[in-house]
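First the structure, in the form of structure tokens, and then the observations on it.
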Amino acid sequence: MSTCVCGSGLAFALCCEPILNGKPAPTAEALMRSRYAAYALGKLDHVERTATPEALEGFNRQDSERVVDESKWLGLEILRTVDGGEGDQTGQVEFVFRYSLRGQTYAQHELSTFCRKDGAWLYSSSEINPKSPPVRVTKEGRNDPCACGSGKKHKKCCGA
């Protein structure tokens, strides 16, 4: 048995193959992995079948076929998932996939959103290179109370 191209570590026959053949994905992450496998294996019918009508508006089959034919798919890394479990109606999967095209290696970072329709997970949208929430940095003044809770001034405590 060959290992699945999605990087799960499972055998292809136990991972993405059943989903590519029409079995509903149990989770948003499983659908995401199967969609990556579909690109890697040139099974674009699956990509179309597992997208909402709104998502399909931005899908260009001819461009996708060209990319599939010219690319070598190098791997998928799931960074995080939010919801998207068997009991959820929506979910998000953040991931990075790598590929080479015309001798150049590329990585694409995405945050994809999925929804359930009639019990089946569907891809609905994605954000390429998602921005993380801003980090607020506060500067403690020398005469401010120390944040450690000691009751001393910052300059006489942790700021020393």
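Rolling a 1.4 Å probe over the protein heavy atoms gives the stretch 45-90 an accessible area of 66 Å² per residue.
About the centre of its Cα atoms, the chain shows a dipole size close to 1160 debye [charges on the beta carbon of Lys, Arg (+1) and Asp, Glu (-1) only; nearest 20 debye]. Listed peptides 2-11, 22-31 appear in the order 22-31, 2-11 once ranked by packing, highest mean of other Cβ atoms within 10 Å at the front. Split the accessible area of the stretch 29-160 by element, probe 1.4 Å, and carbon with sulfur accounts for 46%.
In straight-distance terms, cross-link reach from residue 139 covers every one of the lysines whose alpha-carbon lies under 23 Å from its own, apart from those fewer than eight places away in the same chain; here that gives 152, 153, 155, 156. Packing, taken as the mean count of other beta carbons within 10 Å per residue, orders the peptides 47-55, 35-43 from highest to lowest as 35-43, 47-55. Approximating the spin labels as points 7 Å out from Cα along Cα→Cβ, the residue 80-to-residue 147 distance works out to 2.0 nm.
Helix 61-70 and the long axis of the chain differ in direction by around 80°, with both axes built from C-alpha atoms. Label sites at residue 13 and residue 156, each approximated as a point 7 angstrom past Cα along Cα to Cβ, lie 7.5 nm apart. A P(r) calculated from all alpha carbon pairs of the stretch 1-79, with 5 Å bins opening at zero, reads 3, 16, 26, 25, 20, 8, 2, 0 percent.
The values are calculated or read from the model by the stated rules, or taken from the named source; none is laboratory data. Quick caveat, the model's predicted, so the values are computed rather than measured. Note that each Cβ is placed from the backbone with ideal geometry, even for glycine, and that neighbours are counted across all protein chains shown. Each accessible area value is taken on the protein alone, full model and side chains, heavy atoms only, with ligands, DNA and RNA left out. Shrake-Rupley method; radii C 1.70, N 1.55, O 1.52, S 1.80 Å.
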